[in-house]
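Participant: The structure follows.
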Amino acid sequence: MPIGYFTPAESVGTSAMRSAMHERIRQFDWAASTAGAVDGWSIELRSVCRTALLSSTPMAVLIGRDGVVLYNDAIRAMFGEEYDFALGRPIAEVLPAAAGFYTKMLGRIFAGASARFDDIPYRLRRLGRSDKVWFDLEFTPIMDSTGRVHGALVISVETTTRVKALRELEHSRERLRLALAAGGIVGTWEVDFRTETVRSDERYARLHGVNPGVAEKGADKGLFISGIHPDDRMLVMAAFDQAKVDGNYRCQHRVVGDEGTRWIVASGRIRHGNDEAPVSFLGTAVDVTEQVETAAALAESEERFRTYAETLPHVIFEWDQDGRATYANRRWFEFTGCEDEDEEVWNWPSFVHADDRTLVVEHWRAAITAGERFRSVARHRDSSGEYRWMEATALPIRDSRQQAASWIGTLVDIHDAKLIEAERALVARELDHRVKNFFALTQGLIGLTQREDHDLSSFASRLRGRLDALHHSHNLIRLREAEAGSGADDALLELMRRLLEPYRIAQEEGRINIGGDDIPLDPGQMTAFALVFHELATNSAKYGALAAPAGRIDLASRLSGGMLQITWQESGCARIAAGVQGGGFGSRLITSVIEHQLRGKFERSTEPDGVHILLVIPVPGTRLARKGH
């Protein structure tokens, strides 16, 4: 049956102890436990038990070498109702996972030694689950006057909340360190304006050559200032002074410390006191050495490229994928006559001749699709509005995925080369034309000579004379070109006579008639007229009056109002050959010389009896050499 809690003498004032645990302890059959009946406990043990029950601090008494458990309401509230079975049981049965610890601890207690442990972990059953908790434990031997130990007083304070908070704080700090590292932040610092000291972490201190131990406690700011590159100190101090005004600090500068010279970006914010006066300066630093060095290398490379680009005689372009220029050297602006703020100057295709643009765009799209070299030859409009032949070549600039991100290219002026090429083609066609004409003329001269009355000897003599005259007329053009600039002038009518001399027949006077106003010719006019009359005579010998037995040519000139009119009238023939319509090379040559070189007009009309040709050429300021007949 239950026994009294303490002896009657000890029960005085027990109304203050009448709590849940008081009643349970009073009703518990201690005699059935290894602790024995209460009246067998020492006065010291009972006194300590009474103190524990009265305390609001979590306390337990471990009785005897088995550590039979007795605990107060604070312990019961901390452990919960799931441990109500613990009263009167050995501690090893209550906390079997910690049995080894308590066995050693009780051995120490009964040896007369006390002990304290901080943040001891346990696994406790709470609300049906196993939770990990932490306690601060203090063990004190319960000893009587003879030095005999009867048990231990255990003061237990749960520190789970504090341990978890500290661990979360450390975890947060680790996350912060990782975040700082991921962001390139290498250090944190704080300036205390009241003490003129700087506190920082280890890395920030080493960047400035400051002892980390000193920096952690607070180093004189002069030590950190000494670690700033001499060339940047004024910049940093000015930024600090400005930050005291606007509250924010940001400065990129060099530091010289344990790691040599490094570039950092330091950022911070002023913290103010209650009186709004600046108290401290909190900030971080990012090591940007690699970025600064890379940017410097890129800038040097860019400057080198632009220097090369500006010294080249060609246009240098950089295009995006749409063919729009993102860079052009000075040569492009000189060529177009535009400024860089002109929107059109960056739209390169807009300067391409309309007749060439479609093909250029097709080539460009094909190059983009294939990611290969782009090349085109087209006419481009220059600053005067004229078009010049240009050759464009571009290669793709590839990104890390080997995709064409942009294009770099050149635009080379090939206009002169293109004209030389066209001139060569013209010369080749003219040579072919003249060789064919030579044989045709030779056959014509033979035919003319046959119509004359002579014997074989005179036939050969006359034919030779005409061939010599033909040779002379062919040389006339070359000779006049060679004499250009010599100051020698010839008259128009004399030129006509000399060129038509090979086609005269002695018995047929009046077949070729030349007359009209005579004017002096400069070497340029001489060459142009020689080409025109030679072609007209050649065509006549092949298809017209000079090829017909009854053919006749009347050639007349008239000067009026600064305009020279020359009439070439053929009669006594009917032109039926293909060349008469003016579509052959010779006709195109005549048109080109008259209209482009002499700036005149060339009109041809076909009549039933022959052909009528009118040449109108401006000759301002020209006076008559003599009146022709």
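Participant: For the structure I just gave you, tell me whether residue 410 is part of a helix (DSSP H, G or I), open to solvent by 30 Å² or more (accessible area, probe 1.4 Å) and of a type in the set (Ser, Thr, Tyr).
Facilitator: In short, no.
Participant: Right, something else. Tell me, which residue of the stretch 205-235 that is within 35 Å of the chain's Cα centre (by Cα) and crowded, with 20+ Cβ neighbours inside 10 Å is modelled with the lowest pLDDT?
Facilitator: Within the stretch 205-235, the match that is modelled with the lowest pLDDT is 207.
Participant: Assess whether residue 406 counts as being closer than 25 Å to residue 303 by Cα and touching a strand residue (DSSP E or B) at 6+ places or on another chain (Cβ under 7 Å).
Facilitator: Judged against the criteria, residue 406 is a match.
Participant: Take the conditions outside any loop (DSSP other than H, G, I, E, B), touching a residue at least 12 places away in the same chain (Cβ under 8 Å) and not assigned by the TED database to the domain that holds residue 206 and apply them to residue 255. Does it pass?
Facilitator: no
Participant: What are the pairs, 6+ residues apart or on separate chains, where a residue within the stretch 104-131 that is under 27 Å from residue 167 (Cβ atoms) has its Cβ under 6 Å from a residue that is charged (D, E, K, R) and open to solvent by less than 40 Å² (accessible area, probe 1.4 Å)?
Facilitator: Partner pairs satisfying both residue conditions: 118/136; 124/131.
Participant: What helices (runs of 4 or more DSSP H) lie completely within the stretch 271-377 and have 2 or more residues being closer than 30 Å to residue 243 by Cα?
Facilitator: Filter on the stretch 271-377 gives 289-311.
Participant: Then there's this: Within the stretch 256-303, can you find the residues that are at positive phi and either surrounded by 13 or more Cβ atoms within 10 Å (Cβ to Cβ) or not charged (D, E, K, R) (or both)?
Facilitator: Listed by number, the list holds a single entry, 260.
Participant: Does the stretch 367-376 hold any residues that are touching an Asp or Glu at 6+ places or on another chain (Cβ under 8 Å) and open to solvent by 50 Å² or more (accessible area, probe 1.4 Å), and which are they?
Facilitator: 375
Participant: While we're looking at this one, here's another question. Give me the residue from the stretch 31-53 that is in contact with a helix residue (DSSP H, G or I) (Cβ under 6 Å, 6 or more places away or on another chain) and not in a loop (DSSP other than H, G, I, E, B) and, out of that set, farthest from residue 138 (Cα to Cα).
Facilitator: 38
Participant: List the number of the failed condition for residue 318; all other conditions in (1) surrounded by 14 or more Cβ atoms within 10 Å (Cβ to Cβ); (2) within 30 Å of residue 346 (Cβ to Cβ); (3) not assigned by the TED database to the domain that holds residue 380 hold.
Facilitator: (3)
Participant: If you go through the stretch 183-222, how many residues are more than 15 Å from residue 287 (Cβ to Cβ) and hydroxyl-bearing (Ser, Thr, Tyr)?
Facilitator: Number satisfying all stated conditions: 2.
Participant: Which numbered condition trips up residue 535, out of (1) at pLDDT 85 or above; (2) under 24 Å from residue 501 (Cα atoms)?
Facilitator: Going through (1) at pLDDT 85 or above; (2) under 24 Å from residue 501 (Cα atoms) one by one, residue 535 breaks only (1).
Participant: Can we say residue 165 is at pLDDT below 90, more than 30 Å from residue 119 (Cβ to Cβ) and open to solvent by less than 70 Å² (accessible area, probe 1.4 Å)?
Facilitator: Taking the combined requirement at face value, the residue does not satisfy it.
Participant: Determine the pairs where a residue that is in the same structural domain as residue 567 (by the TED database) and under 10 Å from residue 569 (Cα atoms), located within the stretch 597-610, has a partner that is in a loop (DSSP other than H, G, I, E, B) and β-branched (Val, Ile, Thr) with Cβ atoms under 9 Å apart, the partner being 6 or more residues away or on another chain.
Facilitator: Going by the 9 Å Cβ cut-off, there are no qualifying pairs.
Participant: Name the residue that is nearest to residue 302 (Cα to Cα), counting only residues in the stretch 378-390 that are open to solvent by less than 50 Å² (accessible area, probe 1.4 Å) and assigned to a strand (DSSP E or B).
Facilitator: 390
Participant: Can you find a residue that is surrounded by fewer than 19 Cβ atoms within 10 Å (Cβ to Cβ), over 17 Å from residue 157 (Cβ atoms) and touching a strand residue (DSSP E or B) at 6+ places or on another chain (Cβ under 6 Å) anywhere in the stretch 63-79?
Facilitator: no
Participant: Looking at the stretch 338-352, which of the residues that are under 20 Å from residue 410 (Cβ atoms) and in contact with a helix residue (DSSP H, G or I) (Cβ under 9 Å, 6 or more places away or on another chain) is surrounded by the most Cβ atoms within 10 Å (Cβ to Cβ)?
Facilitator: Selected residue: 348.
The values are calculated or read from the model by the stated rules, or taken from the named source; none is laboratory data. No experiment lies behind these values; they were computed from the predicted model shown. Cβ atoms come from the backbone with ideal geometry, glycine included; neighbour counts cover every protein chain shown. For the accessible areas, the whole protein counts, side chains as well, though only heavy atoms, and no ligand, DNA or RNA atoms are used. Shrake-Rupley method; radii C 1.70, N 1.55, O 1.52, S 1.80 Å.
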